[in-house]
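Asks: Encoded as structure tokens, here's the structure I'll be asking about.
The values are calculated or read from the model by the stated rules, or taken from the named source; none is laboratory data. This structure is a prediction, so every number in the text was calculated from the model and none was measured. Glycine also receives a Cβ, built like all others from the backbone with ideal geometry; neighbour counts cover every protein chain displayed.
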Amino acid sequence: MGTDEVINAVVVGDVMLDSWLHGSAKRLAQEAPVPVMNLEATEDAPGGAANTAANLVALGARVRLVGVVGDDDCGDALVQALRLMGVGVDLVTVPGRRTAHKRRLVTSGQLTARYDEEDVAPLPEQAERELLERVSAVVAGADVVVACDYGGGVCTPAVRRALSGLPLLVVDAHGVAPWRECAPAAVLPNYAEVVRLLGGGDGAADRPAYLMAHSARVLELTGARMVVTTLDGEGTLLHRSGHPPYRTYAQPAPQHMATGAGDTYTAAFALWLAGGAAPEEAAEAGQAAAGVVVRRPGTAVCTRYDLLRALRRQEGTVQTPERLAQLLDEHRRRGERVVFTNGCFDVLHRGHVTYLEQAGQLGDVLVVAVNSDASVARLKGPGRPVNSCEDRMSVLAALNDVDYVTEFDEDTPERLLRMIRPELYVKGGDYTAEMLPEAPLVRSLGGEVRVLGYLPDRSTTAIIGRMRSLP
């Protein structure tokens, strides 16, 4: 994302409470051949527009949420959960109205039933007036406004008119046609909604090809500057006038794990756009964020840390020095602190893992530079390295705390340090910073030098020596 400033986001739309009822079933009921579940735990989470708002906060935005709840326990629980998450709540309470509530029954890890309570009756005039007042009070200072229209009654024609003409309006709606007159910056319909818009019956077996063939028509019918058509497990297609459709790809996940993933996608996509990212970058951010939450149970959120790490994984952990320098410039532009370390890592052991974990906690991006095979041979002598550089880098890339791995052929990483200019240079060992030959260079580049903890008897040389002494 292209700014370090906090983004002010407003979410307007249909809120709900998601409840997950967990238990196990060991017998059938006497009344009917259905399992009897022993309820063991209940988890509540904001859903719908409330989940979009919660994800925006987790991703680092400052958020106001405008919507409607009933004067019931469900509404109270939703407001309390949102406040604990740091969401600014501007919810209108309507006496006698039920707060939308979706309950999912999970038996021994398997989704077995879902039952919903919701009130989609038109809002009373007084409630709509209060809603419009709250919308008008918050949208003027927003960097991005997200409308979540799921047919729950909040996004009335008057509310849509109040959101018309905004510089950055992102619409996530079950029906996008009514939003055409608002000229939104972006709309995010699913495949079925696009097919209805196009009058295409059941669509086509090859859904991406069908959407690509109708890209210009989709833009025309929605009135949006860009359209993201979601394809569930097949990813998304971003449509922009004058540009070929841009596709993102999703990692397959069970359908019951995808609850709320669309809300997460919308939040990340909108936030990245507001931060100045290109639409294609925003689409990749949305896809990566959705990929995080489909790996978690229940209705989950993706934090900024989760998303940045997922995006780095998409870029690839192992990079050439030249490409790495470019990537790190982008991280620095976002205000992130780069930590650098280097070594042979010939046999990865507990000492390595411990100090890499510590190093990863000292900044936002951890770069590990690995001596090439020729460099290790010069430094360590005959018989080394035991493992090839490719293997050593692959193992390091698999560690959670390592963001990037690169190779250098010299005896010291001075050339890399000049290219990367880390804010912090760390080494693990039983020596002081003054003993490191790279220390003066790092400091001259404006960086800090630090030596981390050392675990006795945890050196590669000692381990290889013990292995060679075995009969």
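Asks: Inside the stretch 411-434, can you point out the residues that are surrounded by 15 or more Cβ atoms within 10 Å (Cβ to Cβ), basic (Lys, Arg) and on the phi < 0 side of the Ramachandran plot?
Replies: Lys427
Asks: Return the residue satisfying two criteria in turn: it lies in the stretch 214-229 and is among the aliphatic types (A, V, I, L, M) and either in a strand (DSSP E or B) or not assigned by TED's automatic domain parsing to the domain that holds Ser241 (or both), and of such residues it is surrounded by the fewest Cβ atoms within 10 Å (Cβ to Cβ).
Replies: My answer is Met226.
Asks: What pairs come out if I take residues in the stretch 261-273 that are among the hydroxyl-bearing types (Ser, Thr, Tyr) and pair them with residues that are assigned to a helix (DSSP H, G or I) and surrounded by fewer than 24 Cβ atoms within 10 Å (Cβ to Cβ) whose C-beta lies under 8 Å away, six or more apart or interchain?
Replies: Pairs found: Thr264/Val292.
Asks: Something else: Look through the stretch 398-449, keep the residues that are under 25 Å from Gln326 (Cβ atoms) and among the small types (Gly, Ala, Ser), and return whichever of them is nearest to the chain's Cα centre (by Cα).
Replies: Initial filter on the stretch 398-449 (under 25 Å from Gln326 (Cβ atoms)): 398-410, 412-426, 438, 441-449.
Keeping just the survivors that are among the small types (Gly, Ala, Ser) gives 398, 444, 446-447.
Details: Ala398: 20, Ser444: 36, Gly446: 32, Gly447: 30 Å.
Applying the filter and picking the extreme gives Ala398.
Asks: Here's a follow-up. Can you pull out the residues in the stretch 163-184 that are within 18 Å of Gly260 (Cα to Cα) and not in a strand (DSSP E or B)?
Replies: Just the residues of the stretch 163-184 that are within 18 Å of Gly260 (Cα to Cα), to begin with: 170-175.
Correct list: His174, Gly175.
Every residue, every condition in (1) at pLDDT below 90; (2) surrounded by 14 or more Cβ atoms within 10 Å (Cβ to Cβ); (3) touching a His at 6+ places or on another chain (Cβ under 8 Å), yes or no:
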site	(1), (2), (3)
Ala359	no, yes, no
Ala369	no, yes, no
Gly383	yes, no, no
Asp401	yes, yes, no
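Asks: Moving on to the next point. Determine whether Thr320 is among the hydroxyl-bearing types (Ser, Thr, Tyr), out of contact with any Leu (no Cβ under 8 Å at 6 or more places or on another chain), more than 17 Å from Thr412 (Cβ to Cβ) and not assigned by TED's automatic domain parsing to the domain that holds Arg62.
Replies: So Thr320 fits the description; yes.
Asks: Next up: Hey, can you tell me all the residues within the stretch 165-177 that are closer than 18 Å to Leu197 by Cβ, touching a strand residue (DSSP E or B) at 6+ places or on another chain (Cβ under 9 Å) and modelled with pLDDT under 95?
Replies: Matches in the stretch 165-177: Ala173, His174, Gly175, Val176.
Asks: Still on this structure, I have one more. Please list, ordered by first then second residue, the pairs with beta carbon atoms under 9 Å, 6 or more apart or interchain, first in the stretch 331-344 and farther than 11 Å from Tyr404 by Cα, second in a strand (DSSP E or B) and among the hydroxyl-bearing types (Ser, Thr, Tyr).
Replies: Correct list of pairs: Asn342/Tyr425.
Asks: Continuing with the same structure: Being assigned to a helix (DSSP H, G or I) and over 18 Å from the mean Cα position of the chain (by Cα), is that true of even one residue in the stretch 339-351?
Replies: Yes.
Asks: Next up: Just the residues that are out of contact with any Phe, Trp or Tyr (no Cβ under 9 Å at 6 or more places or on another chain) and either without any contact (Cβ under 8 Å) to a residue 60 or more places away in the chain or over 24 Å from Gly260 (Cβ atoms) (or both), please, taken from the stretch 137-162.
Replies: Result: Ala137, Val139, Ala140, Gly141, Thr156, Pro157, Ala158, Arg161, Ala162.
Asks: Turning to a different aspect of this structure: Hey, could you check the stretch 428-441 for residues that are free of Cβ contacts under 8 Å to residues at least 40 places away in the same chain and touching a helix residue (DSSP H, G or I) at 6+ places or on another chain (Cβ under 7 Å) and say which is farthest from Cys344 (Cα to Cα)? Spell out how you get there, then give the answer.
Replies: If we filter the stretch 428-441 for residues that are free of Cβ contacts under 8 Å to residues at least 40 places away in the same chain, which is where we start, we get 429-441.
Now restrict to residues that are touching a helix residue (DSSP H, G or I) at 6+ places or on another chain (Cβ under 7 Å): 433, 438-439, 441.
Working: Ala433: 19, Glu438: 16, Ala439: 18, Leu441: 20 Å.
Across the stretch 428-441, the extreme among qualifying residues is Leu441.
Asks: For Asp116, state whether it is in a helix (DSSP H, G or I), touching a strand residue (DSSP E or B) at 6+ places or on another chain (Cβ under 9 Å), at pLDDT 90 or above and assigned by TED's automatic domain parsing to the domain that holds Arg161.
Replies: Answer is no for this residue.
Asks: Picking from Arg332, Arg323, Arg309, Arg337, which residue would you name as being modelled with pLDDT under 85 and surrounded by fewer than 22 Cβ atoms within 10 Å (Cβ to Cβ)?
Replies: Of the residues listed, the single one that is modelled with pLDDT under 85 and surrounded by fewer than 22 Cβ atoms within 10 Å (Cβ to Cβ) is Arg309.
Asks: Give me the pairs: first residue in the stretch 197-226 and under 22 Å from Glu181 (Cα atoms), second residue among the acidic types (Asp, Glu) and part of a helix (DSSP H, G or I), beta-carbon distance under 8 Å, and six or more apart or on different chains, which are they?
Replies: Gly223/Glu181
Asks: In addition: Would you point out which residue out of Gly60, Gly47 is surrounded by fewer than 21 Cβ atoms within 10 Å (Cβ to Cβ) and closer than 30 Å to Ala310 by Cα?
Replies: When all the criteria are applied, what remains is Gly60.
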